[in-house]
Amino acid sequence: MSTDTPSGEPLQERVWRNARLACMVRGAADIGLIARGAILVRGERIAFAGDERDLPPGGPASRESIDCEGRLITPGLIDCHTHLIHAGHRAHEFEQRLRGVSYQEIAETGGGILSTVRATRAATTAQLLTESLPRLDALLAEGVTTIEVKSGYGLELGAERRMLEAARELGRLRPVQVHTTFLGAHAVPPETANDADGSLDEVARNMLPTLASEGLVDSVDGFCERIAFSPAQIARVFAVAAALGIRVRLHADQFSNSGGARVAAAHAALSADHLEFTDEPGVVALARAGTVAVLLPGAFYFLRERNPPPVELLRRHGVGMAVATDCNPGTSPLTSLLLALNMAATQFGLTVAECLAGATREAARALGMQRDIGTLEAGKYADLAIWNVEDPAELVYRMGFNPLHARIWRGR
Ligand code: DI6
Ligand code: FE
């Protein structure tokens, strides 16, 4: 790793010392805790993370030292599944569901996703940013340093483009890494009525190649469900993504065992998300493909679901588990990743170590970004979250409390 800038100036060095480090390295015991650790950062990347006694000496006289006073440092948190960019809200549908109307009934009578599509299509990019920035700021306040943001409420080229451009703009307006995901296969748009295949043609043959050519697409997603698209229809979109060299992920088996996990695995998806109804063959397929299971307890909780994802099978077959907010106006209006971790523990039975890995190391893998983020290791970006907690378990245990002391993104 270079120690100088292109002009030959020594890179800025900072060391965070007198800290407990949750390194989150795969294979380490529990969370890889180092009791008295230090992190040396050179420029934007970690040069050393480990026991303070092993800290490389020397460095430029300008090396800045920060005494963490024994605080806990984790990798910056990663929210690997959000629909953060959208206009409007669906509080009225929330009240309908409290009166017993199901999510599926609302979707099948023109509400649900299509309600947010109408609001999002009517919004300018500036309006999308005005509505979305407060949600992003809430996540950043809890130590999130990388976020995935999906399209999927435009369902036509111009509006899908505005969503992805707004997502990219978030990363210019705030110190955060934004991973954009094209979700044109989210629902059948109103103008094509019930012609799912026709709308898929527009998604696969026009929207995806066009938006990918504009540099707006980091990965591709779809909603594989009876009220959305079939595995065969999803496979058509994924074939175009593969031809473009773009990785995929999938909303899979959320409300039924509709073959989502298997079609995700068959296309070497980075992640398969929700998975409440995935069966053991589906879990085995995910394990063989190295696909990460992204668990979304906010939607499970908010929809008052009763059938949790097969966590024990995922563990048994060695499928990595990430946890995310699924921040969206219909099934998970949640802007707290810490609360999502609490829900993953209380609703799905994940351990504290699994929850913390789920918002760091495994979330990085779900985004295909594990080379750069997700653990405290030399070579990774210096994305850090420094916490006022005595026990790391407090990060999962509390509900609605934010113990963040400081958030560091790319060393600053
Ligand atoms: N599953 C979900 O939970 C979200 N999208 C999806 O495919 C819900 C999106 C919405 O209801 O607005
Ligand atoms: Fe989602």
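May I ask which residue of A285, S336, A359 lies farthest towards the positive end of the charge dipole of region 233-373, with charges of +1 (Lys, Arg) and -1 (Asp, Glu) on Cβ and the Cα centre as origin? In region 233-373, that residue is A285. Using a Gaussian network model of the chain whose springs link C-alpha atoms within less than 10 Å, name the residue from R71, R45, R97 with the highest mean-square fluctuation. In the Gaussian network model the winner is R97.
Angle of helix 157-173 to the longest C-alpha principal axis of the chain, folded into 0 to 90 degrees and rounded to 10: 20°. Rolling a 1.4 angstrom probe over the chain with all protein chains present gives an accessible area of which 52% lies on carbon and sulfur atoms.
When nucleic acids and ligands are ignored and a 1.4 Å probe is applied, V188 ends up with an accessible area of around 30 Å². Spatial offset of region 121-191 relative to region 254-305 amounts to 23 Å, using the alpha carbon center of each.
When the Kirkwood hydrodynamic radius is evaluated over all pairs of different C-alpha atoms of region 314-391, what value in angstrom, to one decimal, is obtained?
On the way: mean 1/r = 0.0731 Å⁻¹.
Here the Kirkwood hydrodynamic radius works out to 13.7 Å.
A 1.4 Å probe over all protein chains sorts T120, T192 by accessible area into T192, T120, starting with the largest. Mean separation of Cα pairs under 8 Å and 6 or more residues apart, divided by the residue count, gives region 168-276 a relative contact order of 23 percent.
Sorting F300, F94 on solvent-accessible area from highest to lowest, probe radius 1.4 Å, gives F94, F300.
For the chain, the relative contact order comes to 19 percent (Cα pairs under 8 Å, sequence separation of at least 6).
For the chain, the per residue solvent-accessible surface stands at 38 Å², with DNA, RNA and ligands left out and a 1.4 Å probe.
Using only the Cα atoms of the chain, construct the convex hull and provide its projected area averaged over every direction, in square nanometres to one decimal. Display every interim value, and only then the final one.
Working: hull surface 77.9 nm².
That works out to 19.5 nm².
What FRET efficiency comes out for E280 versus E44 if R0 is 30 angstrom and r is the Cβ-Cβ distance? Round to the nearest 0.05. The calculated FRET efficiency here is 0.10.
The alpha carbon centroids of region 42-104 and region 309-330 are separated by 18 Å.
About the Cα centre, and with charges only on the beta carbon of Lys, Arg (+1) and Asp, Glu (-1), how big is the dipole of the chain? Nearest 20 debye, please. Provide the component values of the computation, followed by the final result.
Working: 41 positive and 49 negative charges, 88 e Å.
Around 420 debye, computed over the chain.
In the assembled protein chains, M369 presents an accessible area of approximately 30 Å² (probe radius 1.4 Å).
On a 1.4 Å probe surface of the protein chains, which of Y397, Y301, Y153 comes out largest in accessible area, and what is the full order? Kindly include the intermediate steps, with their values, before the conclusion.
On the way: Y397 150, Y301 125, Y153 5 Å².
Ranking Y397, Y301, Y153 by accessible area, largest first, yields Y397, Y301, Y153.
Between D197 and M399, take the C-beta separation as r, use R0 = 51 Å, and let me know the FRET efficiency to the nearest 0.05. It comes to 0.70.
Given R₀ = 56 Å, what would the calculated FRET efficiency be for R17 paired with Q96, taking r from the Cβ atoms and rounding to 0.05?
Numbers: r = 54 Å, r/R0 = 0.97.
For R17 and Q96, the calculated efficiency is 0.55.
The values are calculated or read from the model by the stated rules, or taken from the named source; none is laboratory data. Because the structure is predicted, anything quoted here is derived from the model rather than measured. Virtual Cβ from ideal backbone geometry, glycine too; neighbours counted across all protein chains shown. These accessible areas exclude ligands, DNA and RNA; they are computed on the full protein's heavy atoms, side chains included. Shrake-Rupley method; radii C 1.70, N 1.55, O 1.52, S 1.80 Å.
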